[in-house]
Amino acid sequence: MNGQPPRRAMVLAAGLGLRMRPLTETRPKPLIGVAGRTLLDRALDALAAVGVTDAVVNLHYLGDMIETHLANRTTPRIQWSDERDRLLETGGGVTKALPMLGDANFYVVNADIAWRDGEVPALLRLAETWDEFAMDALLLLHPVEDATGYDGVGDFTLDAAGRLRRRRDDASAPFVFTGVQILHRRLFAGAPAGPFSLTGLYDRAEAAGRLFGLVHDGDWHHIGTPAGLATAEAHLRQSEG
């Protein structure tokens with residue numbers, strides 16, 4: 001086990017937010033507010049709270065607005081990965097940012113979610129679970145039945161050792177990937193150039209027995225639509241006072 005939280009992170013903020021229209025017609029999805037804070041600030045605040053010092057934020061749709069919003073932020077220090085000329089998807093986006101993410105493991109957090117921690121912050125629980133020798137990826141999961149704003153059928157099953165198997169032909173799976181994870185740069189060895197999804201790298205890690213999961217013990221909200229945003233807003237305002 002490692003125990004020490006990574007000091008570097010990436011927040012994936014380049015998506016188009018098409019399902020969030022009309023809210024995203026004039027602002028990028030990461031700058032949508034929920035219970036008093038933007039989704040992007042929620043992610044960065046959570047990372048700063050566990051000691052992350054440097055965060056890469058990728059830019060595409062209305063990227064200038066994100067740059068302006070974070071211009072005065074100092075904790076964590078922000079570096080930009082500019083994808084305004086070509087959207088690289090999740091895998092391509094992280095691959096492009098690797099030179100800014102250090103030599104070992106790092107957090108990656110989606111900017112279209114919100115979560116409430118249990119007794120121990122989820123990011124710390126991931127760090128405490130991380131095994132440098134056994135893992136290439138450790139994904140935070142949430143039970144499908146308790147996920148708000150999520151209308152899918154699940155992503156993964158989890159065995160007793162914490163290894164993951166991705167749902168392929170199965171009708172459903174008990175856990176949804178939350179968009180919060182620790183990855184090691186070795187996961188990206190031989191990664192293709194250009195746009196691609198992280199899913200392919202997860203599949204490779206799964207085949208090698210190096211894809212692991214941890215079940216979240218707090219609340220998790222997928223904010224993919226205006227309706228999902230309203231649900232998350234109600235839950236978070238109640239829980240956060």
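The values are calculated or read from the model by the stated rules, or taken from the named source; none is laboratory data. These figures come from a predicted structure and were not determined experimentally. Please note: Cβ atoms are built from the backbone with ideal geometry, for glycine as well, and neighbour counts cover all protein chains shown. The area values use the complete protein model at the heavy-atom level, side chains included, leaving out ligands, DNA and RNA. Shrake-Rupley method; radii C 1.70, N 1.55, O 1.52, S 1.80 Å.
For the chain, averaging the sequence separation of C-alpha pairs within contact (under 8 Å, six or more residues apart) and dividing by the residue count gives a relative contact order of 26 percent. Here the simple spin-label model places points 7 Å from the Cα toward Cβ, and for R77 and A161 these points are separated by 4.0 nm. Quantify, in whole percent, the carbon and sulfur part of the accessible surface of the range 42-104 (1.4 Å probe; protein heavy atoms only). That fraction is 51 percent. Contact order, relative form, for the range 44-171: 17 percent (alpha carbon pairs under 8 Å, 6 or more residues apart, mean separation divided by residue count). Ignoring ligands, DNA and RNA, what percent of the accessible area of the range 159-241 is carbon or sulfur (1.4 Å)? Exposed carbon and sulfur together represent 52 percent of the surface. Solvent-accessible area per residue in the range 39-193 equals 43 Å², computed with a 1.4 angstrom probe and all protein chains kept. Only helical DSSP H runs with n ≥ 4 go in: add -39500 (n - 2.57) per run for the chain, normalise by residue count and round the 222 nm mean residue ellipticity to 500 deg cm²/dmol. The helix-only estimate for the chain comes to -7000 deg cm²/dmol at 222 nm. For the range 1-90, the equivalent ellipsoid derived from the alpha-carbon gyration tensor has semi-axes of 23, 15, 12 Å in decreasing order. All other residues whose Cβ lies under 12 angstrom from that of L88 are scored, Lys and Arg at +1 and Asp and Glu at -1, for a net of -1. If you take the alpha carbon atoms of the range 144-241 and fit the smallest convex hull around them, that volume is 140 Å³ per residue. Among 46-52, 27-33, 68-74, 224-230, sorting by the average number of other beta carbon atoms lying within 10 angstrom of each residue, highest first, gives 27-33, 46-52, 224-230, 68-74. Summing charges over all other residues whose Cβ lies under 12 Å from the Cβ of P30, with Lys and Arg as +1 and Asp and Glu as -1, gives +1. Of all DSSP bridge pairs formed entirely within the range 139-241, close to 70 percent run antiparallel. Applying both filters, DSSP loop and at most 15 other Cβ atoms within 10 Å, to the GluC sites (Glu not before Pro) of the range 173-241 eliminates every site.
In whole angstrom, how far apart do the alpha carbon centroids of the range 84-104 and the range 162-241 sit? Each part reduced to its Cα centre gives a spacing of 17 Å. By the equivalent-ellipsoid construction on the alpha carbon gyration tensor, the chain comes out with semi-axes of 24, 22, 18 Å, ordered largest to smallest. A Förster radius of 45 Å combined with the Cβ-Cβ distance from D203 to Q238 puts the calculated FRET efficiency at roughly 0.70. For the pair R84 and L16 in one chain, pulling the backbone fully straight at 0.36 nm per residue adds 23.4 nm over the alpha carbon distance.
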